[in-house]
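Below you'll find the structure, written out as structure tokens, and then a few comments.
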Amino acid sequence: MVNISTPDDEPVDPLAALDEILAPAPAHDPTAGTAAPSLPGFEDVHEFVTQYLCPRWARVVRDPDNTFRWCAKWWDHPVALDRLTALWQAHQVLHAEGGTGPARWWREYGDPALLALAEPRSGPFADCGPDRHRLPPTLPSDPFPDRPLPWPDR
């Protein structure tokens, strides 16, 4: 009999070691490693909009269109930039979760944001067209008074 030992000089049964080596591999688990493939993260909101949203929200942009408005200079509209940045951040988190995260993103963020941004009468792109870029006017706001404000009784 051959004397096999471990680095700790403990004797090892060579037949047991051979049985371990020759043992059949465990059965293949078809569910192992089937998690949804991770989507690449997007470096910034511009990459997210141009590489992810624009191809998925693809529409023919017509002028005048009473159902959908988009502006190629979306980044120049403050509310659009804020909404799309929030959309990008939510996308990163929910897609990383896997499972129903992507579906939740579309239902809770993607679809409502598209409706708000592309709304032709009151959305941020309402005065824009395929070849026209117009920022909406800023809401008026008077200077803040230099005295205490009257607060309603609570």
Tell me which of 77, 96, 112 sits at the most positive position along the dipole axis of the stretch 45-113, charges placed on C-beta atoms (Lys, Arg +1; Asp, Glu -1).
112
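Return one quarter of the surface area of the convex hull spanned by the alpha-carbon atoms of the stretch 76-143, equal to its mean projected area, in nm².
Numbers: hull surface 24.2 nm².
The Cα convex hull of the stretch 76-143, projected and averaged over all directions, gives 6.1 nm².
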Where the only charges are on Cβ atoms (+1 Lys, Arg; -1 Asp, Glu), what is the dipole of the stretch 38-112 about its Cα centre, to the nearest 20 debye?
280
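So for 147, 132, 59, fewest C-beta neighbours within 10 Å to most, what's the order?
Values: 147 6, 132 10, 59 13.
The fewest-first ordering by Cβ neighbours comes to 147, 132, 59.
Stretch residue 43-residue 103 to full length: gain in nm at 0.36 nm per residue minus the Cα-Cα span? Write out the running numbers ahead of the final one.
Numbers: separation 60, 0.36 × 60 = 21.60 nm, distance 2.17 nm.
Here the answer is 19.4 nm.
Each reported figure results from applying straightforward, stated rules to the coordinates on display, with no laboratory input. The model shown is predicted, which means the values in this text are computed figures rather than measured ones. Heads up, the Cβs are rebuilt from the backbone with ideal geometry, glycines too, and the neighbour counts pull from every protein chain shown.
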